[in-house]
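Asker: To start, I am sharing the structure in question, which I have written as structure tokens.
The values are calculated or read from the model by the stated rules, or taken from the named source; none is laboratory data. Please read these numbers as outputs of a predicted model, since none were measured by experiment. Cβ placement follows ideal geometry from the backbone for every residue including glycine, while neighbour counts extend to all protein chains displayed. Accessible surface areas use protein heavy atoms only, side chains included; no ligands, DNA or RNA. Shrake-Rupley method; radii C 1.70, N 1.55, O 1.52, S 1.80 Å.
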Amino acid sequence: MDGTESHRRNCATQEPGVRDRMLDSAENEPDKDRVTLKKEIGLLSACAIIIGNIIGSGIFISPKGVLEHAGSVGFSLIVWVLGGGICALGSLCYAELGVTIPKSGGDYSYVTEIFGGLTGFLLLWSGVLIMYPTTLAVIALTFSNYVLQPAFPACLPPYIATRMLSTTCVLFLTWVNCSSVRWATRIQDFFTVGKLLALCLIIIVGLVEICRGHYDALRPQNAFEFIRDPSAGEIALAFLQASFAFSGWNFLNYVTEELVEPRKNLPRAIYISIPLVTLVYTLTNIAYFTSMSPEELLASNAVAVTFGEKLLGMFSWIMPISVALSTFGGINGYLFTSSRLCFSGAREGHLPQLLAMIHVKNCTPIPALIVCCSATILILCIGETHDLINYVSFINFLSYGVTIAGLLYYRWKKPNLVRPIKVSLLVPLSYLLFWAVLLMFALYSEPVVCGMGLVIMLTGVPVYFIGVYWQSKPQWIYSIVEMATYVGQKLCYVVFPQEELAAPVEQEEKSEL
């Protein structure tokens, strides 16, 4: 027994007075008034969560990474298309997991269910401690830099100003997410549409340039003219750059319990969003090459801004604003989904129980949101985030492979489990083959970065055994935790959700008579 099941029972039995009052009131309340996570995410909002989290600042700022490693324009475009295809394979696997194990929490919930508490806790530990706060901090800093840049055209914005604006942005969006799920999803819908419109503007201007005959870099004889001959390692790194640009495709699985008809809308949102993002990414890169030579693109630190300066003239200010809007929506999406990871971890007994509680009236996980917000602000105060982002990328990529390997193991472990969606075995096997090759080259080319990522993850092992596995702690520790939980409930006005999640139902095979 790894301690997880015991914590689940503790979570269900602690605070009996609160839970009894909740259950008594539930009998007289209609479902819509119950204190539980509300199913307010429809198909449109589901697509907005996926698209909004995938399309961040990367496609506007630095698509040069793929070109740099691919070595030619034509091969870089092939990498973008294939990167979207690999992303689609992974998302199909997550669609099966999402409807088979209908829990919020994404990778963490699936790995915990399949491999047990320790493996799941290590993903949770690295995600809550480093991965999501660092990503949020970097996106917030990108937002503040682009908002403040017009005020400081000749130099970089001041350090304090960028940190203050980033913190204000994170605090504001945390307040929105604490106030209403509907508000948060509406913001996500609006800014996702804004991102797509900005990219459509780039694509349309690029198509106009192609019609005017300005596409020398895209001609077959030029497109596959290699700047240098790429090695196998360089090709792998090009795919790695593209795969990181598509990161966020699994974020809808973090909010499965808040989806309207998740068995229908989860796979539908994936089938709509991933091909759309792949198409937009590819066309956007084609548009960039209508205004810039490969050398100019490699020299640019903000490709979309350079594109705007060359082709939009007096309207070039649209591109910096587009990047700012894109990152603002990205912050909202990351806050929304990462808080559900904390909520799921607390419900499983891997984090303090206070984080598994939701607001009595707003039905939002306020304690979890406050933890995500506080961790992000702490990372902002630390200063340098570039090294942390490298470690995060490796941990994130590692978690994808472990989760999809879990799908294969779960089919062997529970062959009779009801699976509304069941993908061909070729899908997870193809993804894992691609994942293993990239992981091997990543370990070879960046051993220090990968090693530090593993160290960060493994620091969770002693924390797990002390905090989760060790059940016979001194009574004074439980008293302190109980008092802190009580104070947190009073301050945040939160209780445990009234509805318990139904476990997956295993269907026994009928024996023939």
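Asker: Would you mind getting me the FRET efficiency between Val481 and Tyr444? Use the beta-carbon distance for r and R0 = 51 Å, nearest 0.05.
Answerer: Given R0 = 51 Å and the Cβ-Cβ separation, E is 0.70.
Asker: A further question on this structure: Report, in listed order, any pair from Lys64/Lys264; Lys39/Lys422; Lys103/Lys490 with a Cα-Cα distance greater than 31 Å. Let's see the in-between values first.
Answerer: Working: Lys64/Lys264 37 Å; Lys39/Lys422 24 Å; Lys103/Lys490 27 Å.
Where the Cα-Cα span goes over 31 Å, the pairs concerned are Lys64/Lys264.
Asker: Over the stretch 31-170, with every protein chain in place, what whole percent of the accessible area is carbon and sulfur at 1.4 Å, could you tell me?
Answerer: Carbon and sulfur together cover 72 percent of it.
Asker: Against the longest principal axis of the chain, how steep is helix 232-245, in degrees 0 to 90 to the nearest 10, with axes from Cα atoms?
Answerer: Helix 232-245 sits roughly 60 degrees off the main axis of the chain.
Asker: Heavy-atom accessible area of Thr168 with all protein chains present, probe 1.4 Å, nearest 10 Å²?
Answerer: 80 Å²
Asker: If you don't mind, another one. For the chain, what is the accessible area per residue in Å², given a 1.4 Å probe and the full set of protein chains? Kindly include the intermediate steps, with their values, before the conclusion.
Answerer: On the way: 22590 Å² over 513 residues.
Accessible area per residue: 44 Å².
Asker: First measure r as the distance between the Cβ atoms of Cys211 and Ile272, then evaluate 1/(1 + (r/R0)^6) with R0 = 41 Å and state the FRET efficiency to the nearest 0.05.
Answerer: Between Cys211 and Ile272 the formula returns 0.90.
Asker: In addition: Take the alpha carbon gyration tensor of the stretch 129-219, find the square roots of its eigenvalues, order them as a ≥ b ≥ c, and report rounded if a/c is under 1.5; if not, report prolate when a/b exceeds b/c, else oblate.
Answerer: It is oblate, given that a/c is not under 1.5 and a/b is not larger than b/c.
Asker: Using helices alone, what [θ] at 222 nm do you get for the chain, with -39,500 (n - 2.57) per DSSP H run of 4 or more residues, divided over all residues and rounded to the nearest 500?
Answerer: Helices in the chain give a 222 nm mean residue ellipticity of -23000 deg cm²/dmol.
Asker: Further, regarding this structure: Determine how large the accessible area of Tyr493 is when every protein chain is in place; take a 1.4 Å probe and give Å² rounded to the nearest 10.
Answerer: 120 Å²
Asker: Using a probe of 1.4 angstrom, how much of the accessible area of the stretch 216-309 is carbon and sulfur, in percent?
Answerer: Solvent-exposed carbon and sulfur of the stretch 216-309 make up 57 percent of the total.
Asker: Could you give the angle, 0 to 90 degrees to the nearest 10, between helix 159-179's Cα long axis and the longest principal axis of the Cα atoms of the chain?
Answerer: 50 degrees
Asker: For a Förster distance of 45 Å, can you work out the FRET efficiency between the beta-carbons of Leu312 and Arg411, rounded to the nearest 0.05?
Answerer: After rounding to 0.05, the efficiency reads 0.30.
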